[in-house]
Amino acid sequence: MKKTLKLKKNYEFKKILTKGKYYSGRYLDVFVINSNQNINRIGIAVGVKVAKAVKRNRIKRLIYENYRLLEDKLDVGYKIIFLWKKKQDIKEATFYNIKEDMTRVLTRIGILS
């Protein structure tokens, strides 16, 4: 069963970015806020200055795929935003680098069991 929905509205992103807790990894910045629902909601953002649209969308797909593989191991009831760091080179945006960084950050948050 799918336990995740995507965040799409601007006001949802703003609320989490202002009131959520911030965690940093090597490639990803993660903002987390607790919600009182039985599902997780995630948002993924890659800045315009990082690269052109094709490469930004590739990074988003890699982040979402890594999240999808970890989804069964995550606790539910959170809103999570993943941001790609602007200073990181997009050539380092490989599946395994993102996977390692995401697992490290999510275990530090305490929602990955």
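Tell me, which residue of the range 1-49 that is of a type in the set (S, T, N, Q) and surrounded by 16 or more Cβ atoms within 10 Å (Cβ to Cβ) is nearest to I81 (Cα to Cα)? Talk me through it step by step, then tell me what you get.
So the first thing to find is which residues in the range 1-49 are of a type in the set (S, T, N, Q), and the list is 4, 10, 18, 24, 34-38, 40.
Imposing the further condition that a residue be surrounded by 16 or more Cβ atoms within 10 Å (Cβ to Cβ) reduces the set to 4, 40.
Working: T4: 12, N40: 11 Å.
Going through the qualifying residues, I end up with N40.
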I80: passes all of (1) aliphatic (A, V, I, L, M); (2) farther than 24 Å from K9 by Cβ; (3) crowded, with 17+ Cβ neighbours inside 10 Å but (2)
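Residues that are part of a helix (DSSP H, G or I) and of a type in the set (G, A, S): does the range 19-40 have at least one?
Narrowing the range 19-40 to residues part of a helix (DSSP H, G or I): 19.
Next cut, of a type in the set (G, A, S) only: none.
Checking the range 19-40: not a single residue is part of a helix (DSSP H, G or I) and of a type in the set (G, A, S).
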Count of residues meeting criterion [surrounded by fewer than 16 Cβ atoms within 10 Å (Cβ to Cβ), in contact with a helix residue (DSSP H, G or I) (Cβ under 7 Å, 6 or more places away or on another chain) and in a loop (DSSP other than H, G, I, E, B)] in the range 85-113: 1
Output the residue which, of all residues in the range 50-61 that are of a type in the set (V, I, T) and in a helix (DSSP H, G or I), is surrounded by the most Cβ atoms within 10 Å (Cβ to Cβ). I59
When you scan the range 65-84, how many residues do you find that are within 16 Å of G25 (Cα to Cα), in a helix (DSSP H, G or I) and of a type outside the set (S, T, N, Q)? 1
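Among the residues that make up the range 24-38, is at least one of them without any contact (Cβ under 8 Å) to a residue 24 or more places away in the chain and either in contact with an Asp or Glu (Cβ under 8 Å, 6 or more places away or on another chain) or more than 16 Å from T103 (Cα to Cα) (or both)?
No: zero hits.
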The range 96-113 residues that are farther than 13 Å from F82 by Cβ, paired with ones that are assigned to a helix (DSSP H, G or I) and of a type in the set (V, I, T) (beta carbon under 7 Å, 6 or more apart): L112/T103
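Taken together, the values in this text are just the output of simple stated rules run on the coordinates, not laboratory data. Computed from a prediction, not measured in an experiment: that's the story for all the values here. Here the Cβ is made from the backbone with ideal geometry for all residues, glycine too, and neighbour counts use every protein chain on show.
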